[in-house]
Amino acid sequence: MLKFVFNKWMKVLCIFTLIFFVMSMTGAAACSKTSSTCSKCKTDAINDSFSLNPSQKSKTFNVLANDKGCGLKVKTTGYITTAKGGKVFMKSDGTFSYVKPVACSKKGDSFTYKAVNKYGVYDTAKVTLNFKCSTTCSKYSGCSKTSTCTKCSCK
């Protein structure tokens, strides 16, 4: 009888230990509603705005520089097509490079990203790219010196 009771309690103890281990490894134990750990590690992805010259082929920026949270990474990485047809190559560390679309526009471009913390909590923010168009068209004859973001200043 004593052996049966001992085995029963050992099973309960093993199950409890396993559950606690899994919760601690996934962060579930630290993220209860009353836990101060989660409130300190809230994810707050803040909208970004970057300016670039459209004659540049590519430039690298970082979307996580102004975001708040613990162990932040970008959730979706790889190539993203922007609202105006530009291409973004996003890395998990928040750095991205942007290649403008073929069609020139003095209007900006934009895309969204999700920042995720080490507990899997994420927030979404918008990135706005503002073009600083050249006002000179010295490379092309016949272009007006006052034209802004035309074919002559975007190539």
Subset of the stretch 46-64 that is at pLDDT 95 or above and assigned to a loop (DSSP other than H, G, I, E, B) - its residue that is surrounded by the most Cβ atoms within 10 Å (Cβ to Cβ): VAL63
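Rundown of residues vs (1) assigned to a loop (DSSP other than H, G, I, E, B); (2) among the small types (Gly, Ala, Ser); (3) in contact with a Phe, Trp or Tyr (Cβ under 6 Å, 6 or more places away or on another chain); (4) modelled with pLDDT of 60 or more, yes/no style:
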site	(1), (2), (3), (4)
LYS107	yes, no, no, yes
LYS114	no, no, yes, yes
LYS118	yes, no, no, yes
ALA125	no, yes, no, yes
CYS143	yes, no, no, no
SER147	yes, yes, no, no
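Filter the stretch 65-85 for residues that are β-branched (Val, Ile, Thr), under 14 Å from ASN117 (Cα atoms) and at pLDDT below 95 and give the result.
Matches in the stretch 65-85: THR76 only.
The values are calculated or read from the model by the stated rules, or taken from the named source; none is laboratory data. Note that the structure is predicted; figures quoted are calculated from it, not measured. Reconstructed Cβ throughout: ideal geometry from the backbone, glycine too, with neighbour counts over all protein chains shown.
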